[in-house]
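Coordinate-derived values only; no laboratory data. None of the values given here were measured: they were computed from a predicted structure. All Cβ positions, glycine included, derive from the backbone under ideal geometry; neighbour counts span all protein chains shown.
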Amino acid sequence: MKNAVPVPLTAPIEPRPVVQAIARKMEIKLRANDHKSYQGTPAIVLFRKLMEEVAELYEAILWKSPEAIAEEAADVNNVATMIADVVGGLQYEAEEGAVVRETGRA
C-alpha cells in the first residue's frame, strides 16, 4: 500500500471487513466439525491436508461459483491456521474451560 501508516503493535486491531467475512465462513465450518480435533496432529500431516484443500480451491476457481470459491478459501484458511496453532505460532486466550496448547512444534 502506498503511504500506509504503520499501526503500532500495541494498538487495538479491528479486523477489516474482508477478514471478518472470511472469518465468519471459517467459524461456521469449524463449528460443523467440532467433533473432530486437530490438536496433536503433526504439522506435516496438516500440511498434506492443506495441499488437498488448495487443490479443491483451484478446482473451484476453474469451475464453480464465487460462493463455492469462498467456501474453499475458508477451508484453506482453517487448515493453515491449524498448522500455525500446532507449531505454537499463535497466541490467544482460550474460551472458558478450554486448554490452549503450550507453544512448541508438533
Taking a ≥ b ≥ c as the square roots of the Cα gyration tensor eigenvalues, with a/c under 1.5 meaning rounded and otherwise prolate when a/b beats b/c or oblate if not, the chain comes out oblate
Rounded to the nearest 20 Debye, what is the dipole magnitude of region 1-76 about its Cα centre when Lys and Arg each give +1 and Asp and Glu each give -1 at the C-beta? 220
Quick one: which of 34-42, 21-29, 79-87, 62-70 comes out on top by average Cβ neighbours within 10 Å, and what's the full order, highest first? 79-87, 21-29, 62-70, 34-42
Listed by chain and number, the aspartates and glutamates with an alpha carbon less than 16 angstrom from that of Lys36, same-chain partners under 8 positions apart left out, are Glu27, Asp75, Asp85
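Output the relative contact order of the chain, whole-number percent, from Cα pairs under 8 angstrom with separation of 6+ residues.
29
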